[in-house]
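In what follows, a single structure is set out as structure tokens and then discussed.
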Amino acid sequence: MALRIGLTGGIGSGKSTVAAMLAELGAALIDADAISRASTAPGGAALPAIAREFGPRLIAADGALDRAAMRELVFRDAGARQRLEAIVHPLVSAETERQARQALDAGHALLVFDVPLLVESLARWREKVDRIVVVDCEPDTQIARVMARNQLPRAQIEQILAAQATREQRLAAADAVIHNGTGVTLEALRAQVRELVHAFGI
């Protein structure tokens, strides 16, 4: 029986690095964020419903979702996010399950669902995964990493953090925590990932 792990962490936590390390150890990686982005890219499955719900002005010239226009709409209209999620989430759910079945058919013993906003949609994911693993670090470390990586101003990163689950909420939901704070080397992080996989009996 394969083990299903839900992997999450705030922006700048190093979640994607941990996901890649798990994949190196043989896990099947199912990236919910990538699936979501693909659904709103040119030709994406969500676009016809988005155009019907929000109007063609939300579709950019290249045929993708106009993310800037959608962000502005969500900022002005509190219900817009829920309407968008009602379109995108069922598509993401169906594709994650398709990829999970494919991984099981290929004989993978460990399935890792990489979900940035897992805690924000905890009720939906609790029943889909056996364990929730949180990659954790200090908020100041998150901010410093994202500023260095994305060249975003501190105030904008703080807004992103404020829109996500709090560190306390993520830790409360965790069945296991990988610590990736200031001073944790890649080798130390890799050791934690190996210990986690061993602890889960994989």
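Points 7 angstrom from Cα along the Cβ direction at E53 and Q102: gap in nanometres?
Here the answer is 2.4 nm between the modelled labels.
Describe numerically, in nm with one decimal, the distance between label points set 7 Å from Cα along Cα→Cβ at A144 and at R126.
3.6
For region 44-76, list residues with backbone N below 19 Å from a point placed 7 Å from the Cα of A94 toward its Cβ?
44-54, 65
In Å², and per residue, what accessible area does region 89-172 have when probed at 1.4 Å with the other protein chains present?
54
For F200 and A61 in one chain, what is 0.36 nm times their gap in residues minus the Cα-Cα distance, to one decimal in nm?
45.3 nm
Using every pair of alpha-carbon atoms in the chain, split the distances into 10 Å bins beginning at 0 and state the percent of pairs per bin, rounded to integers.
For the chain, the pair-distance distribution reads 8, 31, 35, 21, 4, 0.
Points 7 angstrom from Cα along the Cβ direction at A34 and Q82: gap in nanometres?
Result: 3.3 nm between the two label points.
So if each residue of separation counts as 0.36 nm, and I subtract the Cα-Cα distance between T166 and L152, what length gain in nm does that give?
Roughly 3.0 nm would be gained on extension.
When the chain is treated as a GNM, springs tying every alpha-carbon pair under 10 Å, which of A68, A100, A45 comes out with the largest mean-square fluctuation?
Of the options given, A68 has the highest mean-square fluctuation.
Roll a 1.4 angstrom probe over the protein heavy atoms and tell me the percent of accessible area of the chain that is carbon or sulfur.
55
Each residue of region 187-202 in turn: what ³J(HN,Hα) in whole Hz from Karplus with 6.51, -1.76, 1.60 and θ = phi - 60°, glycine and Pro shown as x?
So the Karplus estimates, Gly and Pro as x, are 5, 5, 5, 5, 5, 4, 5, 4, 5, 4, 4, 5, 5, 7, x, 9 Hz.
Please report, largest first and rounded to whole Å, the three semi-axes of the ellipsoid equivalent to region 82-168, where each semi-axis is the square root of five times an eigenvalue of the C-alpha gyration tensor.
Equivalent ellipsoid of region 82-168: 29, 17, 13 Å, largest first.
With N denoting the number of residues in region 1-113, provide Rg(C-alpha) divided by 2.2 N^0.38 Å, to two decimal places.
So region 1-113 has a normalised radius of gyration of 1.23.
The values are calculated or read from the model by the stated rules, or taken from the named source; none is laboratory data. The model shown is predicted, which means the values in this text are computed figures rather than measured ones. Note: ideal-geometry Cβ built from the backbone for every residue, glycine included; neighbour counts use all protein chains shown. In case anyone asks, the SASA skips ligands and DNA or RNA and just uses the protein heavy atoms, side chains included. Shrake-Rupley method; radii C 1.70, N 1.55, O 1.52, S 1.80 Å.
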